[in-house]
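Following: one structure in structure tokens, then a few remarks.
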Amino acid sequence: MENTDPKISAIVVAAGLSTRMGSPKMLLKWKNSTVLEIVLTTVTQSLFDEVILVYGAFREEILDIAKDFPIRAIYNPVFANGSMLNSLQTGLLAISNNPDGFMIILGDQPHLSNETIGNLAADYRDQQAKLIIPSYHMRRGHPWLIKYALKNEILALKEPETLRDFLKNHENDIHYTLVDDPGILSDLDTPEDYQRLLKEEE
């Protein structure tokens, strides 16, 4: 790849059942909006050539949010098994623009910043690495940026394999982008997580 800005697709994974939260976490109030709206606002204001939202549970509510953004919403028919791998594979199959890479973005990560997205993309361009992962104080977080040429390896994964198996196979290919952004570690899974993160916003 030449040292020019890469073409990157975003896959926003938002198909989960929110079992541990007890209510749809992507639809929780965040500031004057919802968690998912905040994420989609950040993503659509970033550098992506294409944005794909993968949904499953809470279909009507998520589609009602998605219609206000320049994205493609793709349904994961097997979302009920709770696997992020299935959702990612659904998103990969929907990519239509043959990008240089794709970024996996969690739909429940409202702290995600445009700056972090830009830093990952810059390192992808400059380091020529196959995988770019953000690191805050030596802790790995999300989102991940992956070379598009590796998509078939991910599509070939079968349950109970996960993306962690994919990472293990490519440990030597990972470039860690150091970021001053604790938001890459934000985990919005339980009511306690939600209340804690809301307090951090105050």
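Structural remarks
- Built from the Cα atoms of region 105-165, the convex hull projects on average onto 5.2 nm², one quarter of its surface area.
- Judged by the ratio a/c of the largest to the smallest principal axis of the C-alpha gyration tensor, region 42-102 counts as oblate, that ratio being 1.5 or greater while a/b is no larger than b/c.
- Helix-only CD estimate at 222 nm, as mean residue ellipticity for the chain, using -39500 (n - 2.57) per DSSP H run (n ≥ 4): -9500 deg cm²/dmol
- Ordering of 100-110, 62-72, 43-53 by packing [mean C-beta count within 10 Å, highest first]: 100-110, 43-53, 62-72
- The count of lysine pairs in region 8-201 whose Cα atoms are under 27 Å apart, excluding pairs fewer than 8 places apart on the same chain, comes to 15.
- Nonlocal amide H pairs with residue 73, under 5 Å, H built at 1.01 Å: 53
- The slack in the chain from residue 93 to residue 45, taken as 0.36 nm per residue of separation less the alpha-carbon distance, amounts to 14.9 nm.
- Cα→Cβ-extended label distance, 7 Å offset, between residue 153 and residue 168, nm: 1.4 nm
- Kirkwood-based shape ratio for region 8-201, expressed as Rg/Rh from alpha carbons: 0.93
- Residues considered: 28, 167, 112. Largest GNM mean-square fluctuation over the chain, using C-alpha springs under 10 Å, is found at 167.
- Coupling constants for region 101-113 follow from the phi torsions by the Karplus curve (6.51 cos²θ - 1.76 cosθ + 1.60, θ = phi - 60°), and in residue order they are x, 9, 10, 8, 10, 7, x, 10, 10, x, 7, 4, 10 Hz; glycine and proline get x.
We did not get these values from a lab; they are worked out from the coordinates using the rules stated. Small disclaimer: the values here were computed from a predicted structure and weren't measured. Virtual Cβ from ideal backbone geometry, glycine too; neighbours counted across all protein chains shown.
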